[in-house]
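See structure below.
The values are calculated or read from the model by the stated rules, or taken from the named source; none is laboratory data. Fair warning: this is a prediction, and the values are worked out from it, not measured in the lab. Backbone-built Cβ (ideal geometry, glycine too); neighbour counts: all protein chains shown. Areas reflect the complete protein model, heavy atoms only, side chains present, ligands, DNA and RNA absent. Shrake-Rupley method; radii C 1.70, N 1.55, O 1.52, S 1.80 Å.
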Amino acid sequence: MKYFTTTSKVSRRAVDCVIVGVYDGGKLGIGAMDIDAASKGVIRNLIKSGDISGKPGKCTMLRAVPGVRAARVAVAGLGKTGKFDAAQFRKAISAAASALADTKAKQVLNCLTLEPVADCDPYYLARHTVECVATTLYRFNQMKSGRKKTRSPLNSIGLAIAKPGDARKAMRGAEHAGGIIAGMSLARDLGNLPSNVCTPAYLARTAKKMASSNGKLTTRILNEAEMKRLGMGSLLSVTAGSVEPAKLIVMQYKGAGRDKPVVLVGKGVTFDTGGISLKPGPEMDEMKFDMCGAASVIGTMLAVCKIKLPINLTVVVPAVENMPSATATKPGDIVTSMSGKTIEVLNTDAEGRLILCDALTYARRFKPAAIIDVATLTGACIVALGHHRSAIMANDDDLRDELFAAGNRSADIGWPMPLGEQYEDQLQSNFADMANIGGPGGGSITAGCFLGKFTHGMHWAHLDIAGVAWKSGSEKGASGRPVPMLTEFLLSRAGALP
Ligand code: BES
Ligand code: MN
Ligand code: ZN
């Protein structure tokens, strides 16, 4: 994708499509005003006739507007005047991109970047534009046979700016967004692939390939024998029932010399049947998405490589399949984690924490500046926060606030949840150092507390993405979240934001 900025009049640009907007109530945006004047009232007339609506999420595609050099004009609804914020801006761009998806337009020029948007500068307007267009145009059809639907030929996104001085910021925003969408698309592809294709070995191969095309990145894969030597009895107990070999994927990106790295740990359960504590049948197919934490940290690594961020980043992915079989771990079995702590596995479906605790212990060797694990960890998280926000838990309030703020700026939102001794006590076991479940009540928090037992002395945060990693129903598919939040966090740490 190519990006450009322009200060010239919208009606004078000979591109395949321009995006302009009208507010609810009929007020024209800046670009729409220009188009209306050049075409002697086409937009106002269509508002009068009810063919153009200012409602958010609506978009009308006009063709061959007289007096306008662009082939198409997408008129997006901007909602109420005075309430145009980043969320409304993104809604408008996404609606325009949906309309664009049905055309053969190669270039698009976004003129909504000329509108005043609450709390957004040219950098973020450019980022939101590129991210929303690419997210909307994303398609997953690699598993369909025959003549596959062609992808949109869009290859150039322009950003209208008010003054030449904004060009640098807007271009930087577009380029950062380019990295983020590459990371999101990879994360979505990995999530959408079925578990018979996207196995732990497939994730490992993907990580290896990334390193072969980037000089600053190295990838190492540990096999089960190596994990056994390290004492990862907890992780290995989850893969005990599967014939797919487990992998521990370690990716190291060095962009800042000898600085301590940020470490991202992603849950990579390529399919979660629940094990002997078998899950019920309905929607079990969606448990192919139980590696979306892994996909998001690998995707974030790709974004960081593309942006060439001056930061050190390490990604650790424990990748396993959770299956029932004659060799599977059984409820009540006691396993020894790499930390030496013993765990009573009261429910084999609480497997995410069992692989993450050993990955967190392993990650200590990198002396992380901060360590963040990302996991589709609990159904309880969906009960608590629905499908809009990731849960953010941490043993460090500053780190938690940093992630919360990064989520807000990148429109990939989270919400803080507590940890604490009262909840931790729910994990007591009569037979081992701890149980792997905390009983009814606060299921996301007790899962977080379990991980917290393995992170003392580290600045640690935990993202439960169970509600946001994918969509169900007719729009079923991986979302690529929280790649934007994580990349924003790293952009900020690297001092790369304007
Ligand atoms: N992968 C699931 C969590 C999940 C379920 C995410 C549904 C998204 C949608 C996780 O491994 C799991 O099974 N958790 C259990 C924990 C319980 C046994 C304490 C759960 O949430 O039911
Ligand atoms: Mn499970
Ligand atoms: Zn799971």
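Could you check the spin-label model distance between LYS80 and ALA37? Points 7 Å from the Cα along Cα→Cβ, value in nm.
In this crude spin-label approximation the distance works out to 3.0 nm.
Between LYS330 and LEU278, with labels modelled 7 Å along Cα→Cβ, what's the label distance in nm to one decimal, could you check?
That separation, rounded to one decimal, is 1.6 nm.
Taking the Cα centre of the chain as origin and charging only Cβ (+1 Lys, Arg; -1 Asp, Glu), how large is the dipole, in debye to the nearest 20?
With only Lys, Arg, Asp and Glu charged at Cβ, the dipole is about 2740 debye.
Select from the range 242-350 those GluC sites (Glu not before Pro) which occupy a DSSP coil region and have at most 16 other Cβ atoms within 10 Å, ordered by residue number.
Details: sites: GLU283, GLU286, GLU321, GLU344; in loops: GLU283.
For GluC sites (Glu not before Pro) across the range 242-350 that sit outside H, G, I, E and B with at most 16 neighbouring Cβ atoms in 10 Å, the list reads GLU283.
Spin-label point model (7 Å from Cα, Cβ direction): what's the SER156 to LYS216 distance in nm?
2.9 nm
Please report, in whole Å, how far the alpha carbons of the range 158-240 spread along each principal axis, starting with the longest.
Principal extents (Cα only, largest first): 61, 29, 23 Å.
What's the extension gain from SER472 to ARG258 if we count 0.36 nm per residue and subtract their Cα-Cα distance?
Values: separation 214, 0.36 × 214 = 77.04 nm, distance 4.31 nm.
Gain on extension, SER472 to ARG258, equals 72.7 nm.
³J(HN,Hα) across the range 481-487 via Karplus (A = 6.51, B = -1.76, C = 1.60, θ = phi - 60°), whole Hz, x for Gly/Pro?
Coupling constants for the range 481-487: 7, x, 4, x, 4, 5, 5 Hz.
Which percent of the Cα-Cα distances in the range 2-162 go past 24 Å?
So the pairs more than 24 Å apart make up 28 percent of the total in the range 2-162.
Can you list the residues, at least 5 places off or on another chain, whose amide H is less than 5 Å from the amide H of ILE465, using H built in the peptide plane?
ALA375, THR376, LEU377
When the Karplus curve 6.51 cos²θ - 1.76 cosθ + 1.60 is applied with θ = phi - 60°, which whole-Hz ³J(HN,Hα) does each residue of the range 405-418 get, with x for Gly and Pro?
5, 4, x, 5, 5, 9, 6, 10, 7, x, 8, x, 10, x
Could you tell me which residue out of TYR423, VAL315, LEU385 lies farthest along the dipole of the chain toward its positive end? Charges go on the beta carbon: Lys and Arg +1, Asp and Glu -1, centred on the Cα centre.
It is VAL315, whose Cα lies furthest towards the positive end.
Past 28 Å, Cα to Cα: identify those pairs from LYS48/LYS83; LYS83/LYS288; LYS148/LYS279, in the order given.
Going by Cα-Cα distance, LYS83/LYS288; LYS148/LYS279 fall outside the 28 Å limit.
Which of the aspartates and glutamates could be linked to LYS367 by a straight reach, that is with a Cα gap under 14 Å, when you skip same-chain ones fewer than 8 residues away?
ASP259
Applying the Karplus parametrisation 6.51 cos²θ - 1.76 cosθ + 1.60 with θ = phi - 60° to the phi angles of the range 195-208, what ³J(HN,Hα) value in whole Hz is obtained for each residue in order, glycine and proline being reported as x?
Taking θ as phi minus 60°, the curve returns 6, 7, 9, 7, 8, x, 5, 5, 4, 5, 4, 4, 5, 4 Hz for the range 195-208.
Check which residues have an amide H placed less than 5 Å from VAL18's amide H, if you skip close sequence neighbours.
When sequence neighbours closer than 5 places are left aside, the close amide H contacts are ARG72, VAL73, ALA74, LEU109.
Give the peptides 149-157, 473-481, 292-300 in descending order of average Cβ contacts within 10 Å, highest first.
292-300, 473-481, 149-157
Pop the C-beta distance of LEU137 and LYS308 into the FRET formula with R0 = 25 Å and round what comes out to the nearest 0.05.
Numbers: r = 25 Å, r/R0 = 0.99.
Plugging the Cβ-Cβ distance into 1/(1 + (r/R0)^6) gives 0.50.
Taking 32 Å as the cut-off for C-alpha to C-alpha distance, list the pairs among LYS55/LYS144; LYS254/LYS476; LYS27/LYS104; LYS27/LYS169 that go past it.
Listed pairs above 32 Å: LYS55/LYS144; LYS254/LYS476.
What order do TRP470, TRP460 take when sorted by accessible area (1.4 Å probe), most exposed first?
TRP470, TRP460
Under the rule of -39500 (n - 2.57) per DSSP H run of 4 or more residues, summed and divided by the residues of the chain, what mean residue ellipticity at 222 nm is obtained, to the nearest 500 deg cm²/dmol?
That calculation yields -10500 deg cm²/dmol at 222 nm.
Which order do peptides 222-231, 21-30, 392-401, 352-361 fall in by mean Cβ count within 10 Å, highest first?
Going from most to least packed, we get 352-361, 21-30, 392-401, 222-231.
Once you have the Kirkwood Rh of the chain from its Cα pairs, apply Stokes-Einstein at 10 °C and 1.306 mPa s and quote D in µm²/s. Numbers along the way, then the final one.
Numbers: Rh = 23.6 Å.
Rounded to a whole number, D works out at 67 µm²/s.
Amide H to amide H, which residues 5 or more places from ARG13 or on other chains are under 5 Å from it, using H placed in the peptide plane?
Sorted by chain and number, the residues that satisfy this are ARG69, ALA70.
I'd like the trypsin sites (Lys or Arg not before Pro) in the range 69-144 restricted to DSSP loop residues with at most 11 other Cβ atoms within 10 Å, sorted by number. Numbers along the way, then the final one.
On the way: sites: ARG69, ARG72, LYS80, LYS83, ARG90, LYS91, LYS104, LYS106, ARG127, ARG139, LYS144; in loops: ARG69, LYS80, LYS83, LYS104, LYS106, ARG139, LYS144.
Passing both the DSSP loop test and the Cβ count: LYS104, LYS144.
So for the range 339-498, Kirkwood radius off the Cα pairs, Stokes-Einstein at 4 °C and 1.567 mPa s: how many µm² s⁻¹?
80 µm²/s
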